[in-house]
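Q: This structure is in structure tokens; I'll ask about it shortly.
Please treat every number below as a calculation from the coordinates, not as lab data. Keep in mind that what you see is a predicted model, and the values were worked out from it rather than measured. Every residue, glycine among them, receives a Cβ derived from its backbone with ideal geometry; neighbour counts consider all protein chains shown.
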Amino acid sequence: MVRRNPVSTEVAVRLESVTKAYGKGNGLVTALNDVSVAMPRGTFTAIMGPSGSGKSTFLHCAAGLDRPTSGRIFLGSMSSDLSTLSESQLTELRRDRIGFVFQSFNLLAALTVQQNVTLPLRLAGRRTNRAHLADTLARVGLTDRAKHLPSQLSGGQQQRVAIARALITQPDVIFADEPTGALDTVTAREILKLLRHTVDTAGQTIVMVTHDPVAASYADAVLFLADGSIVDTGTGFTADQIADRMTHLGAWA
Ligand SMILES: Nc1ncnc2c1ncn2[C@@H]1O[C@H](COP(=O)(O)OP(=O)(O)OP(=O)(O)O)[C@@H](O)[C@H]1O
Ligand SMILES: [Mg+2]
């Protein structure tokens with residue numbers, strides 16, 4: 001796959017010696033062990049690794065959903081790291097500057113597509129620009145579904161609503177945790193192409209956790225975790241090359 005992204009020097013997310021430990025004494029688990037990495041703006045990064053390797057912990061720390069035990073995390077142009085923020089500042093940051101896409105869509109059943117998509121703006125007390133909303137719905141191919149409820153949509157369409165909801169605030173970064181995990185293969189490919197397209201055409205930054213080498217092959221860079229550490233990174237991998245590396249990490253032993 002050809003990457004058309006200009007090389008960006010601006011950093012969207014940066015982790016500096018991030019360690020996250022759970023429990024204590026004999027029950028201590030180091031879920032992330034001194035991880036340092038930077039994701040440039042306008043790039044798509046996949047996080048892979050065996051079960052329990054720290055992928056979700058990585059995502060939760062990077063997104064300000066969880067606080068690391070030590071280390072620093074910087075987002076966008078912020079000069080101070082996330083650990084210096086209060087809970088209410090973190091809540092605001094997650095709402096205004098970060099987009100989330102989950103395996104299970106997490107849409108509000110009683111709200112229409114349009115209401116779900118504009119929810120982050122309303123929570124932030126921001127007015128919805130109609131042209132921007134129309135553009136965002138068009139981008140995910142849901143222009144003619146704006147007034148529908150989630151229950152009237154297919155799984156792939158529901159995930160596209162979730163992507164539009166993540167895009168609407170033009171966040172510094174979108175974090176996606178297994179965004180295609182609940183979809184069939186064909187629908188999953190459509191969602192991955194859409195994510196790829198938002199990176200290529202809108203300069204969106206995306207960080208995605210996935211178990212699927214095909215999904216990871218849509219990313220610019222793949223970061224492999226094992227036992228809480230980054231053990232390998234690379235760009236321009238094919239799905240076969242990614243699967244091969246995963247096998248060597250013992251992921252499917
Ligand atoms: N809240 C918690 N309390 C204690 N240990 C935890 C907690 N959350 C995660 N861990 C441990 O931290 C390690 C990393 O977990 P994490 O959920 O980040 O793995 P993962 O790579 O996302 O795995 P999977 O592919 O199964 O989702 C695991 O050993 C896990 O048991
Ligand atoms: Mg996980």
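Q: Mind checking the alpha-carbon convex hull of the range 11-134 and giving the volume per residue in Å³?
A: Normalising the Cα hull of the range 11-134 by residue number yields 154 Å³.
Q: If you don't mind, another one. List the equivalent ellipsoid semi-axes of the range 38-94 in whole Å, largest first, each obtained as the square root of 5λ for an eigenvalue λ of the Cα gyration tensor.
A: 21, 15, 10
Q: Enumerate the amide H contacts of Ala12 below 5 Å, restricted to partners 5 or more residues apart or on another chain; note that Pro and chain-start residues carry no placed amide H.
A: Sorted by chain and number, the residues that satisfy this are Met39, Arg41.
Q: Turning to a different aspect of this structure: Once both labels are modelled 7 Å past Cα along the beta-carbon direction, what's the Glu16-Gln152 spacing in nm?
A: 5.1 nm
Q: Oh, and also: What is the Rg over Rh value, at two decimals, for the chain, using alpha-carbon atoms and the Kirkwood definition of Rh?
A: With Rg and the Kirkwood Rh in hand, the quotient comes to 0.96.
Q: Give me the lysines in straight-line cross-link reach of Lys20: C-alpha distance below 25 Å, same-chain residues under 8 apart excluded.
A: Lys55
Q: Then there's this: Nearest 5 is fine: what % of DSSP beta bridges in the chain come out antiparallel, could you say?
A: 55 percent
Q: Another one. I'd like the orientation of helix 239-248 relative to the chain: the angle between its Cα long axis and the longest Cα principal axis, in ° from 0 to 90, rounded to 10.
A: Roughly 30 degrees between the two axes.
Q: Using only Cα atoms, figure out Rg for the range 181-235 and give it as a multiple of 2.2 N^0.38 Å.
A: My calculation over the Cα atoms of the range 181-235 gives 1.21.
Q: Now a separate question. At Thr84 and Ala109, where each label point lies 7 Å from the Cα along Cα→Cβ, what is the point-to-point distance in nanometres?
A: 4.4 nm
Q: Exposure proxy check: Lys55, Lys24 ranked by fewest other beta carbons within 10 Å?
A: With the sparsest Cβ surroundings first, the list reads Lys24, Lys55.
Q: Using Cβ counts within 10 Å as a stand-in for footprinting exposure, how do Ser53, Ser77, Ser83 rank, fewest first?
A: Ser77, Ser83, Ser53
Q: Right, another one. To make sure I understand, if each residue's beta carbon is the centre and we count other beta carbons within 10 Å, what order do Asp144, Asp34, Asp212 fall in, fewest to most?
A: Asp144, Asp34, Asp212
Q: Rank by packing, highest mean first: peptides 99-112, 124-137, with packing defined as the count of other Cβ atoms within 10 Å averaged across residues.
A: 99-112, 124-137
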